[in-house]
1. At least 2 residues that are of a type in the set (D, E, K, R) in each: list the helices (runs of 4 or more DSSP H) lying fully within the stretch 153-241 that qualify.
2. Failed condition for E88, given (1) farther than 28 Å from T135 by Cα; (2) within 15 Å of the chain's Cα centre (by Cα); (3) charged (D, E, K, R), with all others met?
3. Take the conditions modelled with pLDDT of 95 or more and crowded, with 16+ Cβ neighbours inside 10 Å and apply them to A125. Does it pass?
4. Is it the case, given these coordinates, that I101 is in a strand (DSSP E or B), on the phi < 0 side of the Ramachandran plot and either free of Cβ contacts under 8 Å to residues at least 40 places away in the same chain or not charged (D, E, K, R) (or both)?
5. For F157, indicate whether it is farther than 22 Å from G232 by Cα, modelled with pLDDT under 95 and aromatic (F, W, Y).
6. I'd like the residue in the stretch 48-59 that is within 18 Å of the chain's Cα centre (by Cα) and part of a helix (DSSP H, G or I) and, out of all such residues, is nearest to L9 (Cα to Cα).
7. For the stretch 16-52, name all the residues that are surrounded by fewer than 19 Cβ atoms within 10 Å (Cβ to Cβ) and at positive phi.
8. Scan the stretch 184-217 residue by residue and report those that are touching a Pro at 6+ places or on another chain (Cβ under 9 Å) and more than 22 Å from T16 (Cα to Cα).
Amino acid sequence: MAFSSWRGLIGMINPTMRPGMTEEVIRLLPEGIGIIPLFLNITQGTREEFKTVMAAYEEQIQRLVPQEPDLIHPNGAPPFMMLGLDGEAKLVRRWRRKYGIPIFTAGQNHIAALRALKIKSFVGATYFTGAINQTFSRYFKDAGFRVKGMAGIDVPFDKVQQLSGEQIYQHIKAAFLAQKGADAIYMLGSGWRSLDIVQVLEDDLSVPVIHPVCARVWEFQKRLHVREPRQGYGVLLSELP
């Protein structure tokens, strides 16, 4: 293992060529944790496209294995949620047995973060529209959560990163206030650049926010037995449950 990765090495497979998320993860991770980022090239963000990419994910896993990472994280929740909770679990178990390295998906990470915060119900926010949001809701319902809404914002898939934090804040706040009694806010997707509103939403609405980048950094630390809280990005990183 390289000296620069003396606290652990992670292979991370991103679903798109979109910049932003990898940089955010690296900035939030403690010193000494290394990242090897690899990329797929999902461009449309459609159900049909998501159903075709599992072989491409496995090709990238095969590229990472010789580097001997401590963890492999196939990022991108929607493609795996298309498989359903049980289908995703079956695939990940097969990969773990085949390659002998701990592997977990974004959806599994989000479930772990929700459970760590003892969340029972949440309002979700996505940058998808239409029936695909029902698929996301079903995934979490099958995991035992009460999904009080999965509100999509209408934006082209290749323009998500151009949304301002203020626009995302308004979308999420309106969706949350339209429901009553949710324990938390869940944000699906790493495409939007929204770290700056996590703490603001928590302060304004008095509930935890499960943000995909924060959840990822939390679980990386947990699995590598590292504990360095980060302030200003919500309760998950400030308390590291």
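The values are calculated or read from the model by the stated rules, or taken from the named source; none is laboratory data. Nothing here was measured: the structure is a model prediction, and the numbers come from that model. Quick reminder, even Gly has a Cβ in these numbers, built from the backbone with ideal geometry, and neighbours come from all protein chains shown.
1. Values: elements: 165-178, 198-205, 212-224, 235-239.
Here the list reads 165-178, 198-205, 212-224.
2. The failed condition is (1).
3. Numbers: modelled with pLDDT of 95 or more: yes; crowded, with 16+ Cβ neighbours inside 10 Å: yes.
Yes.
4. no
5. On the way: farther than 22 Å from G232 by Cα: yes; modelled with pLDDT under 95: yes; aromatic (F, W, Y): yes.
Yes: the conditions hold for F157.
6. Filtering the stretch 48-59 for residues within 18 Å of the chain's Cα centre (by Cα) gives 50, 53-54, 57.
So of that shortlist, the ones also part of a helix (DSSP H, G or I) come out as 50, 54, 57.
Numbers: F50: 27, M54: 23, Y57: 19 Å.
In this case the residue turns out to be Y57.
7. The answer is G20, G32.
8. A184, I185, E202
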